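One structure is given here, and the rest of the page talks about it.
Bear in mind these aren't lab numbers, they're just calculated from the coordinates by the rules spelled out. Quick caveat: nothing in here was measured; it's all calculated off a predicted structure. A quick note on method: Cβ atoms are made from the backbone with ideal geometry, for glycine too, and the neighbour counts reach across all protein chains shown.
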Amino acid sequence: MSRPLPICYLNGTCLPLEQARVSPLDRAFLFGDAVYEVIPVYGGRPFRLREHLHRLDRSLAGIRMPPPLSHGEWAAVCADLLARNGAGDAYLYLQVTRGAEHGRSHSWPDGLRPTLFAYASELEPLAGKLVEEGVSAVTAEDTRWARRDIKSTALLANVLLKRLAVDAGAFETILLEDGALTEGSSTTVHVVKDGILRTPPNGRHILPGTTRDVVTELAARMGLPSASEAVPEALLREADEIWLAFSTRGVLPVTRLDGRPVGGGRPGPWYARMHAAFLAYIRELAGTPAL
Ligand SMILES: Cc1ncc(COP(=O)(O)O)c(C=O)c1O
């Protein structure tokens, strides 16, 4: 889907991605003991960088690691990667692992040196078809762990859940728990019903999505009332519109859920306005400092 750009960052050095090496004893490899961020870049400018770095710090605190770099230092790494790769529209991937050690002990020893890895990838232009026709989604029981607010690289459950969508020829798997919506396997889910935009409240059961906050802010600007509250499965299934929000694609409309049309089976009128507002917001930020 997207192509990694040639120069990456590893532990303080920029080097060709092809030459980057980490130890197989790194705890990210053995235990998934790591956190990460994915930051969209439009016209060479990281989008909502402050919010992404704030969430990275939050994820690190969640796994009991101090931030290895300040926000200014991360911003410099991002700028360096974008400059070296000549990146325009792209996304940045940042990963912090607890580091390599020799004992493979579940509880980590003190004093490990974290592994810091970052690379940039091309962001393919958003296919007009996705916006004009929408995407399909299937539903599944949310089988993930109890700390989904931590953006951990331990993504096996998400990976298996996403595969259910692919197997069904769909774009995303929308997850349900105890009869209510949580989120998508890699997206925040918003629902429009009777002129109100709803998304489940943040908490340990979902990732605090950065795009979700943009959607909420833009909804307020557009005069679309929004509520951060539980979304029962019945409301999801009766929705006028369903949207997926995520960093690499912004906001996409879901027009089929489990094979049935959502609303009129076409992207809804609020989606058209949200999509336009999102693009306008990106243009509005162009040329302003990323941090
Ligand atoms: C499980 C999950 N929820 C929500 C999101 C959306 O978060 P963001 O808008 O910050 O990309 C993601 C993004 O990867 C995700 O993996």
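Ranking Trp243, Trp74, Trp270 by Cβ neighbours within 10 Å, fewest first, what do you get?
Exposure proxy ranking, most exposed first: Trp270, Trp74, Trp243.
As a test of understanding, state the convex hull volume per residue of region 4-122 from its alpha carbons, in Å³.
Output value, Cα hull per residue: 92 Å³.
Just want the ordering: Ser107, Ser186, from fewest to most Cβ atoms lying within 10 Å of their own Cβ.
Ser107, Ser186
Based on DSSP H runs of at least 4 residues, each adding -39500 (n - 2.57), what is the mean residue ellipticity at 222 nm of the chain after dividing by all its residues, to the nearest 500 deg cm²/dmol?
Result for the chain: -9000 deg cm²/dmol, rounded to the nearest 500.
Around Asp258, which amide H atoms from residues at least 5 apart in sequence, or from another chain, sit under 5 Å from its own amide H, with H modelled in the peptide plane?
Ala137, Val138, Thr139
Tell me, what ³J(HN,Hα) does each residue in region 225-230 have, in order and in whole Hz, if you take phi through Karplus 6.51 cos²θ - 1.76 cosθ + 1.60 with θ = phi - 60° and put x for Gly and Pro?
Per-residue couplings from phi come out as x, 10, 9, 9, 8, 3 Hz.
Under 5 Å between amide H atoms, partner at least 5 residues away or on a different chain: which partners does Thr248 have, H built in plane at 1.01 Å?
none
How large is ³J(HN,Hα), in whole Hz, for each residue of region 13-20 in order, when computed from phi with the Karplus curve 6.51 cos²θ - 1.76 cosθ + 1.60 and θ = phi - 60°, using x for Gly and Pro?
10, 8, 7, x, 3, 4, 9, 6
If amide H atoms are built 1.01 Å from N in the plane of the peptide, which residues on other chains or at least 5 residues away come under 5 Å of the amide H of Leu197?
Counting only residues 5 or more places away or on other chains, the set is Ser226, Ala227.
Kindly write out, for region 110-118 in residue order, the coupling ³J(HN,Hα) from the Karplus curve 6.51 cos²θ - 1.76 cosθ + 1.60 (θ = phi - 60°), rounded to whole Hz, with x marking Gly and Pro.
Each residue of region 110-118 in turn: 5, x, 5, 8, x, 9, 10, 9, 8 Hz.
Just how large is the dipole of the chain about the Cα centre, in debye to the nearest 20, putting +1 at every Lys and Arg Cβ and -1 at every Asp and Glu Cβ? Mind showing how you got there, number by number?
Values: 32 positive and 33 negative charges, 78 e Å.
My answer is approximately 380 debye.
Output the peptides 174-181, 62-69 sorted from most to least packed, where packing is the average of other Cβ atoms within 10 Å over each peptide's residues.
Those peptides, ordered most packed to least, come out 174-181, 62-69.
Evaluate the charge dipole of region 106-202 about its Cα centre and quote only its size in Debye, nearest 20, assuming +1 on the Cβ of each Lys and Arg and -1 on the Cβ of each Asp and Glu.
Using only the charged Cβ atoms, the result is roughly 280 debye.
What are the membrane-span-like helices in the chain by this rule: whole DSSP H runs, Cα extent along the axis at least 15 Å, mean Kyte-Doolittle hydropathy at least 0.0?
The qualifying helices are 71-85, 156-167, 269-285.
Using the Cα gyration tensor of region 128-284, with a ≥ b ≥ c the square roots of its eigenvalues, what is the shape: rounded (a/c below 1.5), prolate (a/b larger than b/c) or oblate (neither)?
It comes out rounded by the Cα gyration axes.
Set Lys and Arg Cβ to +1 and Asp and Glu Cβ to -1, take the dipole of the chain about its Cα centre, and tell me which of Leu82, Thr139, Ala277 lies farthest positive.
Leu82
How do Tyr119, Tyr93 line up, fewest other C-beta atoms within 10 Å first? Don't skip to the end; give the middle numbers.
Working: Tyr119 21, Tyr93 16.
Going from least to most buried by this count: Tyr93, Tyr119.
Hey, how much of the P(r) for the chain falls beyond 26 Å, as a percent of Cα pairs?
46
Picking from Ser228, Leu207, Pro16, whose Cα lies most toward the positive end of the charge dipole for the chain (charges on Cβ: Lys, Arg +1; Asp, Glu -1)?
Pro16
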